[in-house]
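Structure record follows, encoded as structure tokens.
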Amino acid sequence: MITDYSQIPSPCYVIDEERFRSNLSLIKSVSEASGVEIILAFKGFAMWGVFPVFREYFSEASASSPHEARLSFEEVGSRAHTYSPVYKEESFGEILQYSSHITFNSLGQYDKFYDKTTFDKHKISAGLRINPEFSEIGHDIYNPCSPGSRLGITAGDINRSGLPEGVEGLHFHVLFESDSYALEKVLKIVDEKFTLFYPRLKWINMGGGHLMTRKGYDTAHLVRILKEFRERSGLHVILEPGSAFAWETGELVSTVEDIVENQGIKTAILDTSFTAHMPDCLEMPYKPKIIGATEPVPGKPTYRLGGNSCLSGDFMGDWSFDSELKPGDRVVFLDMIHYTMVKTTTFNGVQHPSIGIWTLENKFRLIREFGYPDYRNRLS
């Protein structure tokens, strides 16, 4: 556990190696008990500075772009399970080079690119992304089964045209920070709509959203339904969680730079940005937890927290603290390792948080700092 935040620069994302290893151990135990393959989804967590630790437990990852596929090849040491809503002719060669599995989002994309997968130097297994037309995700922005979704092929589409020759697997992704009971409901729908194709397949990828490292998650139930699915389908099963690997493994450390007050509302302005460094807080939205802070309590020092960009909406609130905040105080946001670093920007030129690890030796190790060249080189 992180015991001394004074060792950590501000702003900084810091992952706790002990907590990270704990998640890895739990996920590995689920993989071994259920007999399914579990791989890391880079879209949720791609902090390659800790991949040496990751490789002690797992050996594969999923990608959705040439860059992610290359990252898997170079930093994980294996070719990626790749899916993208659309592939481009000019970059498909890279996808082929760095992928072991390639999943197509539409029959049109399959028709356009499948033949290329059969001529590559290494074996590539081709699949189709399916849309079961069922998901319990409550946020439309994250629901791939909402009406008119661009993601995946429905059973009706496949039934009308037939399952193309060469397809070895199906891929669905319809969960979001979900439990095993949500997956159980999805599997019933998938069985009803796609069972007739199972005899022609080798694998099924159940995507991500399996938040098995969250406290209270019923991993025994997950293991049971996965084993039952394997037995009735005869398929090799793949899961690709992202958040589960990094869930509650680290923080974003920030500092109060100023306190302003307007119409009775006090705002502590930080050296970090919700817009640029915690975008999901505003997109979902959700209110992050902060060490030493609570929901507003009458009579306690209460603040809105503001980011350091000039965007008017770069703030969240309110939180109460035990004592008045002042410039120089640390504000530590919890659970800021997944879906943060992979989504940050250099909007407004604000300082990008450093990246570091709190080691098993109870020391902070800086992995990466960012500066002006990182901002400048993205713009032209």
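The values are calculated or read from the model by the stated rules, or taken from the named source; none is laboratory data. Everything quoted here is computed from the prediction, not taken from an experiment. Note that we place each Cβ from the backbone using ideal geometry, even for glycine, and neighbour counts take in every protein chain shown.
Do we find a residue being in the same structural domain as A61 (by TED's automatic domain parsing), under 20 Å from I238 (Cα atoms), β-branched (V, I, T) and surrounded by 15 or more Cβ atoms within 10 Å (Cβ to Cβ) anywhere in region 131-152? The answer is no, given that none of the residues of region 131-152 is in the same structural domain as A61 (by TED's automatic domain parsing), under 20 Å from I238 (Cα atoms), β-branched (V, I, T) and surrounded by 15 or more Cβ atoms within 10 Å (Cβ to Cβ). If only residues of region 327-380 that are polar (S, T, N, Q) and not in a loop (DSSP other than H, G, I, E, B) are counted, the one that is surrounded by the most Cβ atoms within 10 Å (Cβ to Cβ) is S354. Inside region 268-311, residues that are of a type in the set (S, T, Y) and in contact with a Leu (Cβ under 7 Å, 6 or more places away or on another chain) make up a count of 3. Kindly check whether there is at least one residue in region 35-46 that is touching a residue at least 40 places away in the same chain (Cβ under 8 Å) and either more than 17 Å from M206 (Cα to Cα) or hydroxyl-bearing (S, T, Y) (or both). Yes, region 35-46 contains a residue that is touching a residue at least 40 places away in the same chain (Cβ under 8 Å) and either more than 17 Å from M206 (Cα to Cα) or hydroxyl-bearing (S, T, Y) (or both).
So, of the residues in region 306-326 that are without any contact (Cβ under 8 Å) to a residue 40 or more places away in the chain and touching a helix residue (DSSP H, G or I) at 6+ places or on another chain (Cβ under 8 Å), which turns out to be farthest from K287 (Cα to Cα)? Filtering region 306-326 for residues that are without any contact (Cβ under 8 Å) to a residue 40 or more places away in the chain and touching a helix residue (DSSP H, G or I) at 6+ places or on another chain (Cβ under 8 Å), the one farthest from K287 (Cα to Cα) comes out as C310. Find all pairs meeting these conditions: Cβ atoms under 9 angstrom apart; at least six residues apart or on different chains; first residue within region 70-86 and of a type in the set (K, R); second residue surrounded by 24 or more Cβ atoms within 10 Å (Cβ to Cβ). Pairs found: R70/A63; R70/A80; R79/A69; R79/S72; R79/S99; R79/H101. Return yes when F197 is in contact (Cβ under 8 Å) with a residue 40 or more places away in the chain, part of a helix (DSSP H, G or I) and touching a strand residue (DSSP E or B) at 6+ places or on another chain (Cβ under 9 Å) and no when it is not. Against the criterion (in contact (Cβ under 8 Å) with a residue 40 or more places away in the chain, part of a helix (DSSP H, G or I) and touching a strand residue (DSSP E or B) at 6+ places or on another chain (Cβ under 9 Å)), F197 does not qualify. Taking the listed residues R214, R224, the one that is more than 19 Å from the chain's Cα centre (by Cα), assigned by TED's automatic domain parsing to the domain that holds S106 and charged (D, E, K, R) is R224, with no other qualifying.
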